[in-house]
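Reviewing the structure listed below.
The values are calculated or read from the model by the stated rules, or taken from the named source; none is laboratory data. What you are looking at is a predicted structure, and each value in this text was computed from that prediction instead of being measured. Neighbour counts are summed over all protein chains in view; Cβ atoms, including those assigned to glycine, are modelled from backbone coordinates with ideal geometry.
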Amino acid sequence: MTPRTALTSQRGLALITTLVMLLVISAIAIAGARLAIGSKRMASNQRDRDLALQAAEAALLDAEIDIQGVSAASGRSAVFSGAALNVLPFAAGCNTGTSGAAPFQGLCDAVIDGTPNWLAVDFTQTGAAARTVGYGTFTGRSFPTAQGGLLPAALPRYIIEPIPDTSPGASEGAYLFRVTAVGFGANPATQVMLQSYYRKGE
């Protein structure tokens, strides 16, 4: 083999080695980019879920204030007290109406058998015809929202169901109130549902 032939052979080997190294480096770079994009999506989804969770927790508190009573002009806490509770329209499928003589929006007759109210009602519906209550409707409290930002896309909403209080020491005819709330993330499709039981203080 002449020196010229050996040199040509070495140059060909160097080219192949370089191409293999470039291929390996490109594969590592693509894998790293995919990992970074996946991590960003996971972090974004988790942040959105946390936002929806906090909104749902705020709605549970708003419902408790709604039941217990506030000084807001639209307050309706009296309807959760005493004998008046027995004649309230806790309607099957949940009631509507936010003002006037019938501030009964979101009051639901508890379902014993069948699909529970929290699976049957549309928590995304708004307005007086909605069967769920928007945050602050009866308490006068405010909640920041924004479309396409870092805040929830919509107000959290809730429903209230009366449940007979069978705990030891409970008076006859006493009720607990089951509150189901849904909070939304910055993406309206991100929703978290929470539920709590509340006993109205005297």
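Do we find that THR115 is of a type in the set (Val, Ile, Thr), assigned to a loop (DSSP other than H, G, I, E, B), surrounded by 13 or more Cβ atoms within 10 Å (Cβ to Cβ) and at pLDDT 90 or above in this structure? In short, no. Being touching a Phe, Trp or Tyr at 6+ places or on another chain (Cβ under 9 Å), assigned to a helix (DSSP H, G or I) and modelled with pLDDT of 75 or more holds for only one residue in ILE67, ILE37, and it is ILE67. Pairs are defined by a Cβ separation below 9 Å, a sequence spacing of at least 6 or placement on different chains, a first member in the range 44-57 that is under 13 Å from VAL182 (Cβ atoms), and a second member that is at pLDDT 95 or above and among the basic types (Lys, Arg); no pair meets this definition.
Hey, does the range 119-142 have a residue that's at pLDDT 90 or above, closer than 22 Å to ASP165 by Cα and within 17 Å of the chain's Cα centre (by Cα)? No, the range 119-142 contains no residue that is at pLDDT 90 or above, closer than 22 Å to ASP165 by Cα and within 17 Å of the chain's Cα centre (by Cα). I'd like to know if the range 151-165 contains one or more residues that are on the phi > 0 side of the Ramachandran plot, part of a loop (DSSP other than H, G, I, E, B) and not basic (Lys, Arg). So far as the range 151-165 goes, no, none of its residues is on the phi > 0 side of the Ramachandran plot, part of a loop (DSSP other than H, G, I, E, B) and not basic (Lys, Arg).
The residues in the range 148-201 that are in contact with a Phe, Trp or Tyr (Cβ under 6 Å, 6 or more places away or on another chain), closer than 14 Å to GLY106 by Cβ and not aromatic (Phe, Trp, Tyr) can be counted, and the count is 10.
Of the residues in the range 87-95, at least one is modelled with pLDDT under 90, within 22 Å of the chain's Cα centre (by Cα) and within 25 Å of GLY173 (Cβ to Cβ).
When the residues of the range 31-55 are filtered to those that are of a type in the set (A, V, I, L, M, F, W, C) and over 22 Å from the mean Cα position of the chain (by Cα), the one that is nearest to GLY134 (Cα to Cα) is ILE37. Among the residues of the range 155-202, those identified as crowded, with 22+ Cβ neighbours inside 10 Å and over 22 Å from SER77 (Cβ atoms) are VAL182, GLY183, PHE184, GLY185.
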